[in-house]
Amino acid sequence: MQKTIIPIRASSLAELFDCPARWEAKHILKMRLPSSAAARLGTAIHAGTAAFDQAKLDGSPITADDAAGALVDVLHDTMEEVDWDGSQPADAEKVALALHTRYCAEIAPQQDYVAVELACERLEITDLGLALTGTTDRVRRVPDGRFGI
């Protein structure tokens, strides 16, 4: 009899060990709670900076303003439920755009990225019926030539 292999994003392991029932509800049963305003803000900034960095890697750099389109799209996505806790997406947009612009102007130029959103090779642990999956946000070359995450 073949054992069912359950894929687990490596980044969710801490949540699995913290509360297996919550992990199952979220990752297996696909039950969702609204995300927080802070989580949505982080996701939006991540989308904008990834677009900026990937365009540079692709040899077609874009401006911070152009990359901000991805940020705004995520922030205002009506398909995702967000608990704005009294604030509004427009309030978060001001903060997100300021942080995104600073990243593009001050942080990204100091990095030698070699990959953005790199899918990691699936690691199956058949005895446990698990497969670790995930992506690495950025891989960069450090001054001594090695790679860092």
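Sorting S12, S60 by solvent-accessible area of protein heavy atoms yields S60, S12, largest first, with a 1.4 Å probe.
Placing +1 on each Lys and Arg Cβ and -1 on each Asp and Glu Cβ, with no other charges, gives the chain a dipole about its Cα centre of roughly 380 debye. Computed extension gain for R140 through D91, at 0.36 nm per residue and net of the alpha carbon distance, reaches 14.4 nm. Annotation: the antiparallel percentage among DSSP beta bridges lying fully within the chain is about 60.
Membrane-span-like helices of the chain, defined as complete DSSP H segments with a Cα extent of 20 Å or more along the helix axis and a mean Kyte hydropathy of at least 0.0, are identified as 37-57.
Ranking R140, R122 by solvent-accessible area of protein heavy atoms (1.4 Å probe, all protein chains present), from largest to smallest, gives R122, R140. Label 7 Å along Cα→Cβ of T4; the range 93-137 residues with amide nitrogen under 17 Å? So the set is 125-132. Once you order the gyration tensor axes a ≥ b ≥ c over the Cα atoms, which shape class does the range 97-149 get: rounded for a/c under 1.5, otherwise prolate or oblate by comparing a/b with b/c? Since a/c reaches 1.5 but b/c is at least a/b, the shape of the range 97-149 is classed as oblate. Estimated at the nearest 10 Å², the accessible area of K3 is 110 Å² with a 1.4 Å probe. Using just its DSSP H runs of length 4 or more, each adding -39500 (n - 2.57), the chain gives a mean residue ellipticity at 222 nm of -11500 deg cm²/dmol after division by all residues. For the range 41-149, the solvent-accessible area with a 1.4 angstrom probe is 63 square angstrom per residue. Sorted largest first by accessible area at a 1.4 angstrom probe radius, with every protein chain in place, the residues L13, L57, L75 fall in the order L57, L13, L75. Ordering W84, A108, C19 by Cα displacement along the dipole of the chain toward the positive end leaves C19 in first place; charges were set at the Cβ atoms of Lys, Arg (+1) and Asp, Glu (-1).
If the convex hull of the alpha-carbon atoms of the chain is projected onto planes in all directions, what is the mean projected area in square nanometres? Result: 11.8 nm². In terms of its Cα atoms, the range 13-59 spans 44, 21, 17 Å along the principal axes, sorted from long to short.
Share of carbon and sulfur in the accessible area of the chain stands at 57%, probe radius 1.4 Å.
The values are calculated or read from the model by the stated rules, or taken from the named source; none is laboratory data. This is a predicted model, so every value here is computed, not measured. Please note: Cβ atoms are built from the backbone with ideal geometry, for glycine as well, and neighbour counts cover all protein chains shown. The accessibility values were calculated without ligands, DNA or RNA, using every heavy atom of the protein model including side chains. Shrake-Rupley method; radii C 1.70, N 1.55, O 1.52, S 1.80 Å.
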